[in-house]
Amino acid sequence: MFSNLIKYSLRSFKRQRAYIIINVLGLSIGIACSLLIALFVINEASYDKYNVKKDRIFRLVLNGKIGGQEVTAASTASVIGPTMAREFPEIEDFLRMNGWGPTIVEYNNQAFTEDHFLEADSSFFNFFSIPVIKGDIANLLNAPRKLVLSESTARKIFGDENPIDKTLKIGSDTVRYTVAGVMADVPSKSHFEANIISSFMTNPRSKDPTWLNNSFSTYLLLKPNSSYLTVDEKIPDMLVKYVGPELQQYLGVSIDDFLAQGNKYRFFLQKLTDIHLDPTVQQEFREASDPKYLRIFGSIAILIVLIAAINFMNLSTAQASRRAKEVGIKKVGGSTRGMLITQFLSESFILAFTSLILAVVIIKVTIPYFNNLLGASLTLKLLSDWYTIPVLLLFTIVVGILAGSYPALFLSSFNPYEVLKGSVKSSMQNGRLRRVLVIFQFAVSILLIVGTMVMYRQIKFMLNKDVGFNKEQLIVINRAGALGTKVKSFKDAVKGIPGVINIASSTAV
């Protein structure tokens, strides 16, 4: 029976080639657009989930308000992590991290610029599931000026040499750093980027006892079956104990009076897997994404599939007059309505499956341009992830049912007497559902077109708005911090270059 359905479907397709080409192209482009958006949404929602201990890892977030200005940031004092690990029985380990920004790395008189240079405690590999390729994991980052390189960075600097125990010059530091290990590249779906990690204890402020000096990111690893809410409840008492005396010393007020004046000073725990989708927190590393945009993109993907499916329905029902006699003859010959529905749904599934194959080809061709547009690294893994093909097949079945159900029910409902008498065509003019579908299709299309135009004009406005200075005549020199105490001499030298009107320095851009 299955082979007969395919045979009848292929015969039908031969008689309707133009209709089939239009239908398959429309459906495949709709599926390709929806799958590209789905890949982006899934990618954004899966950050940090590669970590084995992800459910037990939390980041400390500061929520402070002084003088009417409020800040929520992943900034903590160096002392808070060790203190909490010592005094809170729910905490198994702590980790402090600090980003350096662009850094000059020198080896054998050759200089490299490294944009993703971090400082981290030796517990880094106890938190994040990043394999160590070379080096003793028990002795990484456990002494000053120790380094761990990513695999790609080690290859860039050392080539085929073994980097272990080699020394590097980092920035303006006169004491050299020793390479203690090589790790796998940090997964792209991580809330931080790190190509070189230095031991946190190298930083002179790693032992700073001041609680009000918040400059680093602190992560906590909770013991199994411990509740982060219990830890959250204990933090206020800890702040009273340690922050209270510093407020009294520096501001001359008790912590109770400080809070009574409408100020805030509190910390709370944030789940590791929530970091990338929480733009309310100022990030030290990668910028967070806003989950509302993911919901918008997801809605657009669904609308695009609906438009493609409705287009399929309308084209199918538009062909009804041509297939009316076929239906009438088959019914006279003994075909039941169920058999006809099965046939038409089979045709729909074949077209949907063909469209899926073409959509995968379109995605493979266009995904590099899509990644370049979004600055992403999306991939469609057909074989490496076991669930990809089943999900695509299920998606095809849903699209096939969605697109083919109404035409199948509509065509199979024809009365053979009316068909053979030739009175079906006139009755088709009054298809109320078809008119509703056409109106819905055009409404959604207009909505998407108008939305695209608004977004384009907003972006154009932002790119061309007068910001108060001539952007075309302004140059930013990165990594100027490497000048150290020679900033003034450098500025005087640059002022002497013909064409330079003025020069200014800043701690941030």
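Worth a mention:
- A count restricted to the stretch 482-504 and to residues that are in contact with a helix residue (DSSP H, G or I) (Cβ under 8 Å, 6 or more places away or on another chain), of a type outside the set (A, V, I, L, M) and within 20 Å of A111 (Cβ to Cβ) stands at 1.
- Whichever residue in the stretch 458-508 is on the phi > 0 side of the Ramachandran plot and more than 34 Å from the chain's Cα centre (by Cα) and, among such residues, is modelled with the highest pLDDT: G499
- Entry remark, the stretch 123-169: residues being among the aliphatic types (A, V, I, L, M), on the phi < 0 side of the Ramachandran plot and touching an Asp or Glu at 6+ places or on another chain (Cβ under 8 Å) number 2 in total.
- Any hit, the stretch 226-243, residues being touching a Phe, Trp or Tyr at 6+ places or on another chain (Cβ under 8 Å) and either open to solvent by 90 Å² or more (accessible area, probe 1.4 Å) or in a strand (DSSP E or B) (or both): no
- Candidate set from the stretch 251-273 (those that are surrounded by 15 or more Cβ atoms within 10 Å (Cβ to Cβ) and charged (D, E, K, R)); member that is nearest to Q69 (Cα to Cα): R266
- Checked against (1) out of contact with any strand residue (DSSP E or B) (no Cβ under 7 Å at 6 or more places or on another chain); (2) more than 29 Å from E287 (Cβ to Cβ); (3) among the basic types (K, R), K189 meets all criteria but (2).
- The set of residues from the stretch 346-361 being out of contact with any Ser or Thr (no Cβ under 7 Å at 6 or more places or on another chain), open to solvent by 20 Å² or more (accessible area, probe 1.4 Å) and among the aliphatic types (A, V, I, L, M) comprises I357, V360, V361.
- Considering the stretch 177-214, the residues that are more than 17 Å from H116 (Cβ to Cβ) and part of a strand (DSSP E or B) include one that is most open to solvent (accessible area, probe 1.4 Å), namely T178.
- Residues being among the aromatic types (F, W, Y) and either open to solvent by 30 Å² or more (accessible area, probe 1.4 Å) or assigned to a strand (DSSP E or B) (or both) - total across the stretch 41-52: 1
- Among the numbered conditions (1) crowded, with 21+ Cβ neighbours inside 10 Å; (2) over 19 Å from R205 (Cβ atoms); (3) touching a Ser or Thr at 6+ places or on another chain (Cβ under 7 Å), the only one that E90 does not meet is (1).
- Per-region count, the stretch 252-288, residues touching a Leu at 6+ places or on another chain (Cβ under 6 Å) and at pLDDT 90 or above: 1
- Among the residues making up the stretch 367-390, those that are of a type in the set (S, T, N, Q) and either part of a helix (DSSP H, G or I) or open to solvent by less than 50 Å² (accessible area, probe 1.4 Å) (or both) are N371, N372, T388.
- Taking first residues from the stretch 233-260 that are within 23 Å of R86 (Cα to Cα) and partners that are among the charged types (D, E, K, R) and open to solvent by 40 Å² or more (accessible area, probe 1.4 Å), the Cβ contacts under 8 Å between residues at least 6 apart in sequence or on separate chains come to I235/R266; P236/R266; M238/E87; L239/R266.
- Meets criteria (assigned to a helix (DSSP H, G or I), open to solvent by 50 Å² or more (accessible area, probe 1.4 Å) and either in contact with a Gly (Cβ under 6 Å, 6 or more places away or on another chain) or modelled with pLDDT of 80 or more (or both)) for K364: yes
- Selection of first residues in the stretch 113-140 that are within 26 Å of D55 (Cβ to Cβ) and among the aromatic types (F, W, Y) and of second residues that are assigned to a strand (DSSP E or B) and open to solvent by 10 Å² or more (accessible area, probe 1.4 Å), restricted to Cβ pairs under 7 Å at least 6 apart or on distinct chains, gives the following pairs, ordered by first then second residue: F125/V132.
- Under the condition of being closer than 21 Å to K53 by Cα and small (G, A, S), the residues counted in the stretch 83-112 number 1.
Residue-wise test of (1) in a helix (DSSP H, G or I); (2) open to solvent by 70 Å² or more (accessible area, probe 1.4 Å).
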position	(1), (2)
V444	yes, no
G451	yes, no
Q458	yes, yes
I477	no, yes
V487	yes, no
K491	yes, no
G499	no, yes
A504	no, yes
V509	no, yes
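- Residues of the stretch 146-172 classified as of a type outside the set (S, T, N, Q), outside any helix (DSSP H, G or I) and either free of Cβ contacts under 8 Å to residues at least 24 places away in the same chain or within 24 Å of S129 (Cα to Cα) (or both), total: 10
The values are calculated or read from the model by the stated rules, or taken from the named source; none is laboratory data. Model, not experiment: these values are computed from the prediction. We place every Cβ from the backbone using ideal geometry, glycine too, and count neighbours over all the protein chains shown. Accessible surface is based on the protein model in full, side chains and every heavy atom, while ligands, DNA and RNA are left aside. Shrake-Rupley method; radii C 1.70, N 1.55, O 1.52, S 1.80 Å.
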